[in-house]
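Take a look at the structure set out below.
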Amino acid sequence: MRQPWLLLLFVPWAIVAWRLLARRAPAREVLPMATMAWLGAPAGGRVRPWAERACRLLTLAALIVALAGPEGPGKRVDTVRMGIDVMLALDLSGSMRAEDFQPDNRLAVARRVLRDFVTRASEHRIGLVAFAGRSVTLCPLTTDHAALLGTLDQVDFDTVGQDGTAIGDGLGNALYRLGERGAKSRIIVLLSDGENNSGHLVPADATRMARARGVRVYTIAIGRPGGAPIPIVDEFGRKTYLRNRDGTLVVPRMDEGALKAIAERTGGRYFRATDPASLLQAYREIATLERSRITVAGQREREDFSVWPLAIAWLLVLVEVVLRVGPASVMRLERRPG
């Protein structure tokens, strides 16, 4: 029921019912007419007032039930949408700290662009995995994009807990989360700025698995040509840059060849993002891909049963009207001269 607290009105109702029904109705004079037999004569003078009071009480009870809002269990309604299944694979390795996308680092720009992608892809089921030295699932496939965006806002370099660039593991994890079944179009969008140097699954094996399952992989290489140094912040909040033993700045390498091969062998596309605008354009192009029908499990919609107690209340009102009007009408007919 929508407002079960209204059922407390049955407490005063019960008191009134007890007083009315327990009260003895005064005897009424009735005419000894044969046509009054249908009213319950010769006891009609007592039965009819009691019946009228009972009708009023039952009418009030039906109205109380209707106000409380009785509901049925209803049925679960599934919604059919046009969309694709998308798993986003995001690189969280230390090299994503590089600040070649001034004034932000690569990860900050990537998160901002991913928010735009998720917001625009309202009909898609989207999930998120992250990878660095290993891969973790941050959000399975879902149409609850608000929850996904909330997860995306919390992504940081310590999310995975192990540095490195495990592209193969990230691809394999995303493929596993897509499952064997789903929408007709299933894709993975993998963003990275480095080369595979960690994990258990090599990118070539993960690529063959994706191709065998008919999953297209779109790869995006993020970073300016020539790379950029990696900033680090010490315990005093001072920013320096990561250096080799000989004092030179560490500039991570990017394996564009591997990312191109993953995309080509799975029927996807390769994008190179050298600035925020080109990264945004890459994701927007991917959002225009083929769409297919997917079924989204909906919530159970309850049925409103208030109409039934209301119908009973109206019926009881009609019965009381008949009890009140019937005898007078009959008496008028009996008195009409023949």
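The values are calculated or read from the model by the stated rules, or taken from the named source; none is laboratory data. Because the structure is a prediction, the values reported are computed rather than measured. Reconstructed Cβ throughout: ideal geometry from the backbone, glycine too, with neighbour counts over all protein chains shown. Accessible surface areas use protein heavy atoms only, side chains included; no ligands, DNA or RNA. Shrake-Rupley method; radii C 1.70, N 1.55, O 1.52, S 1.80 Å.
At what distance in nm do the modelled label points of R2 and E256 sit from each other, each positioned 7 Å from its Cα along Cα→Cβ?
6.2 nm
Can you give the convex hull volume of the alpha carbon atoms of segment 132-237 per residue, in Å³?
Per-residue hull volume (Cα only) is 133 Å³.
Please list E285, E52 in order of solvent-accessible area, largest first, computed with a 1.4 Å probe with all protein chains present.
The ranking, largest first, comes out as E285, E52.
Going by accessible area, probe 1.4 Å, with all protein chains left in place, what is the ranking of D153, D158, D205, largest first?
Final ranking, largest accessible area leading: D158, D153, D205.
HN-Hα J couplings of segment 114-122 from phi, Karplus 6.51/-1.76/1.60, θ = phi - 60°, integer Hz, Gly and Pro as x?
5, 4, 4, 4, 5, 5, 6, 8, 5
Once ligands and nucleic acids are excluded and a 1.4 Å probe is used, how much of E303 is accessible, expressed in Å² to the nearest 10?
We get 90 Å² for E303.
List the equivalent ellipsoid semi-axes of segment 100-143 in whole Å, largest first, each obtained as the square root of 5λ for an eigenvalue λ of the Cα gyration tensor.
So the equivalent ellipsoid measures 22, 17, 5 Å along its semi-axes.
Under 5 Å between amide hydrogens, which residues at least 5 positions from L190 or on another chain qualify, with H placed 1.01 Å from N in the peptide plane?
A89, Y218, T219, I220
Using a 7 Å offset from the Cα along the Cα-to-Cβ direction at both A287 and T142, what is the distance between the two label points in nm, to one decimal?
If labels sit at A287 and T142, their model points lie 2.0 nm apart.
Which order do K260, K184 take by accessible area at a 1.4 Å probe, largest first?
K184, K260
Given the whole protein assembly as supplied and a 1.4 Å probe, what does the accessible area of T288 come to in Å², nearest 10?
Spelled out: T288, probe radius 1.4 Å, area about 110 Å².
Cβ under 15 Å from A110's Cβ, A110 left aside: what net charge do those residues give with Lys, Arg +1 and Asp, Glu -1?
For residues surrounding A110, the net value is -1.
Under 5 Å between amide H atoms, partner at least 5 residues away or on a different chain: which partners does A98 have, H built in plane at 1.01 Å?
Here R106 satisfy the definition.
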